[in-house]
Amino acid sequence: MSQSRAIVPVQLAIGVGVLAISAMLGYGAFLFPEEMGFVILGAYVYPYAVAVFLAGVGVVLCFQAVTGGFRELADHDDESAKVVPGGKAGVAWVTGGLLGVAVLINLIGFVLSAALLFACSARGFGSRHPLRDLAIGIALTLPIYWLFNAGLGVSLPPLVNAWI
Amino acid sequence: MDILASLAMGFSSALTPINLMWGFIGCLLGTAIGVLPGIGPALTVALLLPITAKVDPTGALIMFAGIYYGAQFGGSTTSILLNTPGESSSMVTALEGNLMARNGRAGPALATAAIGSFVAGTVATVLLTLFAPIVAKLALKFGPAEYFAILVLSFTTVSAVLGASMLRGFASLGIGLTIGLIGLDSTSGIARYTLGVPELVDGIEVVLVAVGLFAVGEALYSLLYQKEEASGRHRMSSLWMTRADWKRSVPAWLRGTLIGFPFGSIPAGGAEIPTFLSYSTERKLSKYPKEFAANKGEGAIEGVAGPEAANNASATGSLVPLLTLGIPTSATAAILLAAFQNYNLQPGPLLFETSGALVWTLVASLYIGNVILLVLNLPLVGLWVKLLQIPRPYLNAGILVFATIGVYGMRHSSFDLLLMLAIGWGGVLMRRFDFPVAPVIVGMLLGPMAEKQLRNALSISEGDWTVFLTQPISAAFLALTLLVLVVPHLLHARGIKLHEDD
């Protein structure tokens, strides 16, 4: 660590984030409705304890972040680690695929939306054959659908909705 | 005598065709995911949790245990042939085993890893058979105060020992405890931290968090930060170990087992420490120190045999606290606990009495599983290596599809899928800055338990907080907690020293 004593903004943000969670826990517990009758340990006590614990952790994290960064980071985790080329486009595809499945699964059914997720993720990880990927996706999800529905009784949403 | 009779009963149930089949499927799956990078036992069991709705508990738990075991077996194959350790606990295997493979001794390295895992697994299962009932009997005397103290101890150990920094471990634990708070408070009936979202009233499922952190987080992280390594594969060589290999392996296996089992069974956070301890022990004791990686040697067989045995023994050891106290000491054990809970089975001292048949069938299946794994791994190693030819895009896309099924299958909610994505991004951040993941899972599972025990303890003592210090057993556990806060510094100093030598 050559740049000791330096402030590391991202890590400071993490520390502040932890403090914010702690504050929200405390504030939320403050708003709990009053309990009736004999209460040995109210619903707010344990959340307060967690909030105090997180506040302590957050303070030390912030302190480390402004005095040269988190201690004992593995080599690959230090500030100099760079996003690999194409990494951002890759995560965009995967994130988009997952968002898509969340939105579409109730509309176009499990098989199609999961196959779409498969194709998007494959694209994110570097595949360049969207149609082939989609076909593999369907070939993978169809048997799963039948296995889960017939074999395990875990019902997944319909194959395709009736109106398609 | 009592134990033998119970165990015999367990065997007769574990050897029925249906249970054998579950064991076989589990071992098969476990080996496969152990070989494949990017997918571990915790994730696999998490994805398969929905089957608990349909399959009977004995079969499902036998399968899950097989996955847990099998992953340890399979992991060594990748480490030795490809030098890509799947988990931190197989790092040492990658070190020495890959060196051996580079020098044309891949076969003996694989053999000593597999046979060592078998020996360690079997010896550790014997130890489990002997000790678990004793621990369970002891634990029957525990009241809420003792349980609370044990939970505090487990929180501390899991966060303090895993990962490089105790502070970041505690941060992860705090996040886990926070997630555990969300939902209905069972005592007061107050909905806590639900933000008015109806989906949150039931709380957040452990599977969702595990899948988000392990599958989605891992996939996103590897896209962002992992360079594709053009690692060459090493040629296989004959699996036969020479007489000298055997002579050097056997003591290393036994030492590794003896180091691994106790570390697994105390809540000391996974298989990392025992494998490193075993490695440094073997290096000190070896008659051929020149062969070790640190001395630019050709790879020492003890350096594979000992840590692999320790690795497997600690996996078995972690079943002791899980079954007798209901306390998981690793991420996979935490998911196994969730599986028990899906069946309304509460692991703990009473489990041996209320569900004795199931427990002993599970233990018997561990003996059988070890044999299955040995047979699956050694002769078929060539087949497993072929799994690595699945192209990276399809492997990862497949994992994500399974993650989606696992999460969506639980309660058919799109909200859960969005939550999984968000937690996945949180996982990327955690991985990026070296926050350990397991404390999150342990915190969210055990947090509510801790609160319940705390309340019970205080209502028995009529609000007197000193009960935790005046009860000898609970005071002892709390003292141990203090120790845990200090000891990792010493152990980590050793672990880091090991790195510096290399």
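Would you mind stating whether residue B:385 is closer than 22 Å to residue B:38 by Cβ, surrounded by fewer than 24 Cβ atoms within 10 Å (Cβ to Cβ) and aliphatic (A, V, I, L, M)?
yes
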- Message: Go through (1) more than 9 Å from chain B (Cβ to nearest Cβ); (2) assigned to a loop (DSSP other than H, G, I, E, B) for residue A:108 and report which single condition fails.
- Response: (2)
- Message: Here's a check for you: in the range B:192-227, which residue that is free of Cβ contacts under 8 Å to residues at least 12 places away in the same chain and not small (Gly, Ala, Ser) is farthest from residue B:395 (Cα to Cα)?
- Response: B:192
- Task: Just need a number here: residues in the range A:111-144 that are more than 9 Å from chain B (Cβ to nearest Cβ) and assigned to a helix (DSSP H, G or I).
- Result: 12
- Query: Checking residue B:467 against (1) under 25 Å from the mean Cα position of the chain (by Cα); (2) farther than 19 Å from residue B:203 by Cβ; (3) not hydroxyl-bearing (Ser, Thr, Tyr), which single condition isn't satisfied?
  - Reply: (1)
- Task: Any residue in the range A:89-113 that's in contact (Cβ under 8 Å) with a residue 24 or more places away in the chain: show its pairings with residues that are crowded, with 19+ Cβ neighbours inside 10 Å and charged (D, E, K, R) at Cβ separation under 7 Å, as long as the two are six or more apart or on different chains.
- Result: A:93/A:123
- Only one of B:187, B:157 that is more than 9 Å from chain A (Cβ to nearest Cβ) and among the polar types (S, T, N, Q): B:157
- When restricted to B:447, B:463, B:427, B:406, the only residue at positive phi, of a type in the set (Gly, Ala, Ser) and either surrounded by 17 or more Cβ atoms within 10 Å (Cβ to Cβ) or within 11 Å of chain A (Cβ to nearest Cβ) (or both) is B:463
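Got a number for residues in the range B:160-174 being in contact with a helix residue (DSSP H, G or I) (Cβ under 7 Å, 6 or more places away or on another chain) and within 7 Å of another protein chain (Cβ to nearest Cβ)? So that I can check it myself, show each step before the final result.
The first filter runs over the range B:160-174 and keeps only residues in contact with a helix residue (DSSP H, G or I) (Cβ under 7 Å, 6 or more places away or on another chain), leaving B:160-163, B:166-167, B:169-174.
Okay, now just the ones that are also within 7 Å of another protein chain (Cβ to nearest Cβ), so B:167, B:170-171, B:174.
Within the range B:160-174, residues that are in contact with a helix residue (DSSP H, G or I) (Cβ under 7 Å, 6 or more places away or on another chain) and within 7 Å of another protein chain (Cβ to nearest Cβ) number 4.
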- Message: Considering only the range A:37-51, I want to know if a residue exists there that is touching a residue at least 24 places away in the same chain (Cβ under 8 Å), more than 7 Å from chain B (Cβ to nearest Cβ) and of a type in the set (A, V, I, L, M, F, W, C).
- Response: yes
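Which one of B:66, B:59, B:104 is assigned to a helix (DSSP H, G or I), away from chain A (no Cβ under 14 Å) and not hydroxyl-bearing (Ser, Thr, Tyr)?
Values: B:59 fails: away from chain A (no Cβ under 14 Å); B:104 fails: assigned to a helix (DSSP H, G or I).
Checking each option against the conditions leaves just B:66.
Going by what's in this entry, would residue B:158 be described as β-branched (Val, Ile, Thr), touching a Pro at 6+ places or on another chain (Cβ under 7 Å), modelled with pLDDT under 90 and more than 30 Å from residue A:33 (Cα to Cα)? Walk me through how you get there before you give the answer.
On the way: β-branched (Val, Ile, Thr): yes; touching a Pro at 6+ places or on another chain (Cβ under 7 Å): yes; modelled with pLDDT under 90: yes; more than 30 Å from residue A:33 (Cα to Cα): yes.
Yes, satisfied.
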- Note on the structure: Flagged in the range B:8-25 as farther than 11 Å from residue B:366 by Cα and among the small types (Gly, Ala, Ser), in numbering order, are B:8, B:12, B:13
- Message: Restricting to the range A:10-61, give me the number of residues that are part of a helix (DSSP H, G or I) and under 15 Å from residue B:177 (Cβ atoms).
- Response: 22
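Does residue B:400 meet the test of being more than 20 Å from residue B:37 (Cβ to Cβ), in contact with a helix residue (DSSP H, G or I) (Cβ under 7 Å, 6 or more places away or on another chain), within 10 Å of chain A (Cβ to nearest Cβ) and crowded, with 18+ Cβ neighbours inside 10 Å? Talk me through it step by step, then tell me what you get.
Numbers: more than 20 Å from residue B:37 (Cβ to Cβ): no; in contact with a helix residue (DSSP H, G or I) (Cβ under 7 Å, 6 or more places away or on another chain): yes; within 10 Å of chain A (Cβ to nearest Cβ): yes; crowded, with 18+ Cβ neighbours inside 10 Å: yes.
Answer is no for this residue.
The values are calculated or read from the model by the stated rules, or taken from the named source; none is laboratory data. All values reported here derive from a predicted model rather than from experimental measurement. Ideal geometry is used to build each Cβ from the backbone, glycine not excepted, and the neighbour counts take in all protein chains shown.
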